[in-house]
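Asks: If you scroll down you'll find the structure; I have some questions about it.
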Amino acid sequence: MDKIVIDGGRPLKGKVKISGAKNAALPILAATLLTQGKMELQNVPQLADVKTMEALLKGVGLKIHSRANKLKVHSNGYSGTTAPYELVKTMRASILVLGPLLAMKGKARVSLPGGCAIGARPIDLHLKGLEAMGAKIKVEHGYVEAEAPKLKGAKINFDQVSVTGTENLMMAATQAKGTTLLENAAREPEVIDLANMLNACGAKISGAGSSLIKIEGPTPLTGNKWSVMPDRIEAGTFMIAACLPESEVLIQGANEEDLEALTLKLQECGAKIESSEAGIYVKAPKKLKSSDINTAPFPGFATDLQAQFMALMTVAEGSSIIRETIFENRFMHVGELIRMGADIKVEGNSAIVRGMKQLSGAPIMATDLRASACLVIAGLAAKGITEINRVYHIDRGYEKIEKKFRKLGAKIKRTKVKF
Ligand code: EPZ
């Protein structure tokens, strides 16, 4: 296993290019199960999770050729309908193949994803929606067994906003007979990117980005070319890091409209943020002020940026209350930040962070993807050496993160841990 070693306390200066969005690439890859012929995908981030999704698709019979950030997918005549536990247990988003497989093959056998560090991560809303469209679903021996000779359009109202729930049902609905309405749908930009890609292949989806999405079906979908949207969570991670003392960074290739909640919040903390053709320019404030956040579905403050923002608040002036409303256990990074000297108290789904002068470097442990990014930011802020173990978590969602930070002047490297 690798670890990342940081000698902190240096300002970040320069430009960073944002990669393609993991959480758009994964549903878009799953959607190639719905298309006939060749799909050419560009700006696909080279991440462990993308490799896992590729393995799932190859496992049912799709032909995939990948070269750097380009993927060619041939989906004619595949016959498999199973997503095995060995793969699904490493990546929850594997559940995204359920809707497409069921819609195209009339049946699917997908391992239950199981929980992860941040919560139980149930999929009841996915299953309820597919049943409303006529699927027969049973769950046994750790697998979802679904059958549906023919899906039919339905009106579905989500009890809770679910990003992959919305994506799964939207994909299935493209092959359902009639009209499907998704009410209380997720409004995340990644949902829009998936809908746009599906429409480019012949789907009839309207309302993506709003909480009411309409899908007419069935529509035969043919392969096309598609470039994955930029990763707003990676961009937000670098915007937060750029608020560390005396830093100034130009974040290139991100969509500013995907980052409004974070931009306003960092401006409240005193950062200077300007967007132009060149990118999003972030200049750290002389004095970093603390501010409170409540995570929420888009366009609210992204739960995937909560841990990174908390790292910043540990060295802000004053106290910050951070409320996590989406996942029940997304404070695993708190214990590690405390090891670095941070003053944080967790009460229920809120963390009270009392800002301080400086953190001190220490050996720490990554627990999940976004917590790893939080610990990198804390290491950059800290005085002395920080060693982050179990960085395989960070490789799931950030492309070459230590190279990108090194280019901004950070003293950061990856080393092999010998047992
Ligand atoms: C997506 O996960 C993202 N993953 C997550 O990013 C992100 O944190 C999350 O949306 C929220 O924005 C991908 O897009 C691949 P949800 P998802 O369904 O779809 C509950 C990262 O770091 N729920 O929107 O799994 C659920 O427990 C990852 O990149 C049900 O109760 O999240 C949670 O409390 C982490 N039943 C809430 O809804 C269901 O059937 C939102 O979950 C589905 C969800």
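Read the figures in this text as sums done on the coordinates, not as results from a lab. Just so you know, these numbers come straight off a predicted model, no measurement behind them. Heads up, the Cβs are rebuilt from the backbone with ideal geometry, glycines too, and the neighbour counts pull from every protein chain shown.
Asks: Here are some pairs, K3/K287; K72/K283; K89/K400; K13/K89; which of them have Cα atoms lying more than 30 Å apart in this structure? Before the final figure, lay out the partial values.
Replies: Values: K3/K287 32 Å; K72/K283 39 Å; K89/K400 24 Å; K13/K89 39 Å.
Where the Cα-Cα span goes over 30 Å, the pairs concerned are K3/K287; K72/K283; K13/K89.
Asks: Could you size up the charge dipole of region 300-419 around its Cα centre, putting +1 on the beta carbon of Lys and Arg and -1 on that of Asp and Glu, and report it in debye to the nearest 20?
Replies: On the way: 20 positive and 12 negative charges, 152 e Å.
That gives a dipole near 740 debye.
Asks: R0 = 35 Å: FRET efficiency of E277 with T179, Cβ-based, nearest 0.05? Provide the component values of the computation, followed by the final result.
Replies: On the way: r = 40 Å, r/R0 = 1.15.
Between E277 and T179 the formula returns 0.30.
Asks: Between beta-carbons, use under 13 Å as the cut-off and find the net charge around K38, counting Lys and Arg +1, Asp and Glu -1.
Replies: Neighbour charge sum, excluding K38 itself: +3.
Asks: Then there's this: Consider a paramagnetic label point 7 Å from the Cα of E131 along Cα→Cβ; state which residues of region 160-176 have an amide N under 13 Å from it.
Replies: Output list for this probe position: empty.
Asks: Where in region 90-134 is the amide nitrogen less than 14 Å from a point lying 7 Å along the Cα-to-Cβ axis of Q160?
Replies: Backbone N within reach: 115-116, 118-128.
Asks: What is the fewest-to-most order of K404, K413, K155, K128 by other Cβ atoms lying within 10 Å of their Cβ?
Replies: Values: K404 22, K413 13, K155 10, K128 16.
The most exposed by this proxy come first: K155, K413, K128, K404.
Asks: Could you give the nm distance between label points at K17 and K418, where each point is 7 Å from its Cα heading toward the beta carbon?
Replies: Result: 3.6 nm between the two label points.
Asks: Rg and Dmax of region 245-401 over Cα atoms: what are they, in angstrom?
Replies: Just the Cα atoms of region 245-401 yield Rg and Dmax of 14.9, 43 Å.
Asks: Now, a different point. Exposure proxy check: Y398, Y78 ranked by fewest other beta carbons within 10 Å? Could the numbers behind the result be given before it?
Replies: Numbers: Y398 25, Y78 19.
Fewest-to-most Cβ neighbours within 10 Å comes out as Y78, Y398.
Asks: When the chain is fully extended, how far beyond the present Cα-Cα distance does R354 get from Q36, taking 0.36 nm per residue of separation? Provide the component values of the computation, followed by the final result.
Replies: On the way: separation 318, 0.36 × 318 = 114.48 nm, distance 5.51 nm.
So the extension gain works out to 109.0 nm.
Asks: Between N294 and I385, what is the spin-label point distance in nm, taking each point 7 Å from the Cα along the Cα→C-beta axis?
Replies: Calculated label separation equals 4.5 nm.
Asks: Also: Identify all lysines with a Cα-Cα distance to K204 below 21 Å; exclude those on the same chain that are fewer than 8 residues away in sequence.
Replies: K38, K105, K150, K152, K155, K177, K214, K225
Asks: How about K265: which aspartates and glutamates have a C-alpha closer than 16 Å to its C-alpha, ignoring those fewer than 8 places off in the same chain?
Replies: E256, E257, E274, D292, D304, E317, E324
Asks: Given a Förster distance of 30 Å, report the FRET efficiency between K204 and K63 from their Cβ-Cβ distance, rounded to the nearest 0.05. Please report the intermediate quantities before stating the final value.
Replies: Values: r = 28 Å, r/R0 = 0.92.
FRET efficiency, K204 to K63: 0.65.
Asks: Roughly speaking, what is the centre-to-centre gap between region 242-271 and region 1-68 when only Cα atoms are used, to the nearest Å?
Replies: 24
Asks: Rank these for me by crowding, M53, M340, going from fewest to most other beta carbons within 10 Å. If you can, show how the numbers build up before the last one.
Replies: Details: M53 27, M340 24.
Ascending Cβ contact count within 10 Å gives the list M340, M53.
Asks: Add +1 for every Lys or Arg and -1 for every Asp or Glu among the other residues with Cβ under 12 Å from the Cβ of T82, and state the total. Display every interim value, and only then the final one.
Replies: Working: positive: K105, K107, R109; negative: E86, E145.
Combined, the nearby Lys, Arg, Asp and Glu give +1.
Asks: Report, to the nearest 10°, how far helix 232-241 tilts away from the longest principal axis of the Cα atoms in the chain, using its own Cα long axis and a range of 0 to 90°.
Replies: Compared with the principal axis, the helix lies near 0 degrees.
Asks: Also, quick follow-up: So, with +1 on the Cβ of K and R and -1 on the Cβ of D and E, and no other charges, what is the size of the charge dipole of the chain about its Cα centre, to the nearest 20 debye? Each step should come with its number before you reach the end.
Replies: Values: 57 positive and 42 negative charges, 253 e Å.
Using Cβ point charges on Lys, Arg, Asp and Glu, the chain gives about 1220 debye.
Asks: Let me ask something additional. Please give the calculated 222 nm ellipticity per residue for the chain, where each DSSP H segment of at least 4 residues contributes -39500 (n - 2.57) and the sum is spread over every residue; nearest 500 deg cm²/dmol?
Replies: Values: 14 runs with 126 residues, N = 419.
That comes out to -8500 deg cm²/dmol.
Asks: Oh, and also: Restricting attention to the alpha-carbon atoms of the chain, what are Rg (one decimal) and Dmax (integer), both in Å?
Replies: 21.4, 63
Asks: Among M313, I251, L98, whose Cα projects farthest towards the positive end of the dipole of the chain, with charges put on the beta-carbon of Lys, Arg (+1) and Asp, Glu (-1)?
Replies: Highest projection toward the positive end goes to I251.
Asks: At 7 Å along the Cα-to-beta-carbon direction for both L87 and E246, put a label point, then send me their distance in nm to one decimal.
Replies: Here the modelled spin labels are 4.9 nm apart.
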